[in-house]
Every structure is written in structure tokens, then in C-alpha cells.
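Comments concern the structure below.
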Amino acid sequence: PEISNNLVEEAKKYKTADEFVKAQGTPVYHGGAKIDAIDITKSKGGIYGSGFYTGALKNVKDGQMTEVYQIGKANIVKSEDVVTQEVRQSAQELLKVPQNEVPERYSDLIHAIRKEYPSFEKGSNAVRDFFNKNGVDGITGTSFTGKGGKETVFYNPDAIKTRTQLEDIWKQANQTPI
């Protein structure tokens, strides 16, 4: 989704940065060292490919986590959802298999894509690139890591922003000219 310009315009509607951030909805959380901006290219990969992994549970360990917000109408699918016809056709070309051999569910499709690539990193990047090309901004599933709870991996960096990024957008939108 094209988000940056829309966010700047939306930010102008709010009196404070905090109001603007809260208007984005319920945050999700990214564990590890706190970050100010999302850079999906730094992802080393994961079971569902290279992306930005978040969880709904606020597991604070020594204050190391980042509050993240989904932006706009990002196309987030569930891992157990049936793959759309358009994505199936694209997967058929990538996997070089007959249509009836393309996995029906997103989670199974991810595993099939990963099998096509010899290294973990190449497989992870192939998953991210495939979904970006096909308009899937992220995938939500239950316990990718086995720790319970709902997790989402975002492939499209425009689909998410940190609290710090949103505050900066609000400041940019509401700065007074000199």
C-alpha cells in the first residue's frame, strides 16, 4: 500500500503525536533490542521467510521491545487461509508444478517455496519477495516459534511503522513554517 503521503495527511488531523499513534489501532510488539525504524532487509529469516516478526503479547525482557502498528489496509492473510487464485497461478510458475500441485494453504505454500532454495537465507528471501510481488503484506499465524499467541510476519515495510516513526510523521505534518 502507498502509505507515506496518506499518513502525513492523516497526521494533520490530530492535535498531538500520541493521539495520532493511538488512532493507528492496537500495537503489536517486536522483541529484541528497541529500534526506531523498520528495516526488513536486516531480517535473517525465519520459518515464514525474511520479514519483520511481531507478536500480540507484550513480553518485555529488560525493556527490549518495539511497539509496532499496522498501517492502513495492509493485506495480511492468515497462515491457514486458502491461497487466492492469483497467488496460486504465480506460485505455479515459481514452483514449476501443475496447478493441482500448488499447496492450498499459505503455510504450506511457504514451505514449498523454501524447498526450492538450497540455503536458509535464499529460501527466506524468496518467500518475502514472492509475497511482495503478489500483494501479500504479511502473514498471521499462531505460534510460529512454539511460544503461543498470535504472531505476524510483515514482508512489506510500508505496512508497518514503529511508534517513533509515527511520532516523526506527526511532527513532520504539523511543523510550523519559519
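What the table below lists for this structure:
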read-out: Test: residue in the stretch 33-45 that is within 16 Å of Ser124 (Cα to Cα), touching a helix residue (DSSP H, G or I) at 6+ places or on another chain (Cβ under 6 Å) and at pLDDT below 85; value: yes
read-out: Residue within the stretch 123-136 that is closer than 19 Å to Thr152 by Cα, free of Cβ contacts under 8 Å to residues at least 12 places away in the same chain and surrounded by 14 or more Cβ atoms within 10 Å (Cβ to Cβ) present; value: yes
read-out: The listed residue being open to solvent by 50 Å² or more (accessible area, probe 1.4 Å), part of a loop (DSSP other than H, G, I, E, B), over 28 Å from Phe120 (Cα atoms) and modelled with pLDDT of 90 or more, out of Lys15, Lys58, Lys73; value: Lys15
read-out: Any chance Glu104 is within 23 Å of Ala33 (Cα to Cα) and open to solvent by 50 Å² or more (accessible area, probe 1.4 Å); value: no
read-out: Hits in the stretch 22-53 - residues which are closer than 20 Å to Gln64 by Cα, open to solvent by 70 Å² or more (accessible area, probe 1.4 Å) and polar (S, T, N, Q); value: Thr26
read-out: Condition broken by Val136, with the remaining ones in (1) farther than 21 Å from Lys44 by Cα; (2) in a loop (DSSP other than H, G, I, E, B); (3) at pLDDT 85 or above satisfied; value: (1)
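The values are calculated or read from the model by the stated rules, or taken from the named source; none is laboratory data. Predicted, not measured: the structure shown is a model, and the values here were computed from it. All Cβ positions, glycine included, derive from the backbone under ideal geometry; neighbour counts span all protein chains shown. Quick note on the areas: whole protein, heavy atoms, side chains included, nothing else; ligands and nucleic acids left out. Shrake-Rupley method; radii C 1.70, N 1.55, O 1.52, S 1.80 Å.
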